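Structure, as structure tokens:
The values are calculated or read from the model by the stated rules, or taken from the named source; none is laboratory data. Fair warning: this is a prediction, and the values are worked out from it, not measured in the lab. Cβ atoms come from the backbone with ideal geometry, glycine included; neighbour counts cover every protein chain shown.
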Amino acid sequence: MIVSSLQASDMDRAMYRHPIGIEPADIDHMGHVNNSVYLKWVQEAVVRYWERVAPSEAVAQHLWVALKHEISYRRPTFLEDVVVADVIAEQVQGAKALFTTVIKRGEDVLAEVKSTWCCLDANSLRPARLAKDIVHRFLPPKAEV
């Protein structure tokens, strides 16, 4: 299931569910997904979340770059696994946004990623604040700083 419009979670935040495809090249010499692949998944999931929830004009005018990822690996992931990434916007402050991405196989949490991203103006490539109405698509007004 992909959440394409705002649905409040228990914590009153929007969540996006991103399906993940596992490729044979993702598997390392130990027979499970290589740790570096999780970063690719987070990048895909957060950007797709932005593209799905933000208005098309905002998507065209802004780019996102990752500043920091903190990954907690919980369980190995294998080629045949059916995996999703649940992305939640935690906070927006200035041009920065904090996201949590939980990578899951069924109810099993495989990894949890806290990441900080910077919003850039697509033309100047300089940091850009998002308009409040766009931020509110991801966060309720009280969560914005």
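General observations
- The number of residues in segment 20-43 that are under 19 Å from Arg105 (Cβ atoms) and buried (at least 16 other Cβ atoms within 10 Å of the Cβ) comes to 10.
- Residues that are within 18 Å of Val46 (Cα to Cα), loosely packed, with under 14 Cβ neighbours inside 10 Å and free of Cβ contacts under 8 Å to residues at least 24 places away in the same chain within segment 123-141 are absent altogether.
- Single residue of Asp108, Asp86, Asp121, Asp81 found to be touching a helix residue (DSSP H, G or I) at 6+ places or on another chain (Cβ under 9 Å), at pLDDT 95 or above, under 30 Å from Pro24 (Cβ atoms) and acidic (Asp, Glu): Asp86
- So Ser124, is it assigned to a helix (DSSP H, G or I) and among the hydroxyl-bearing types (Ser, Thr, Tyr): no
- Search result, residues across segment 53-80 that are of a type in the set (D, E, K, R) and either assigned to a strand (DSSP E or B) or surrounded by 16 or more Cβ atoms within 10 Å (Cβ to Cβ) (or both): Lys68, Glu70
- Scope segment 12-56; condition closer than 22 Å to Ile88 by Cβ and of a type in the set (D, E, K, R); matching residues: Asp12, Arg13, Arg17, Lys40, Glu44, Arg48, Glu51, Arg52
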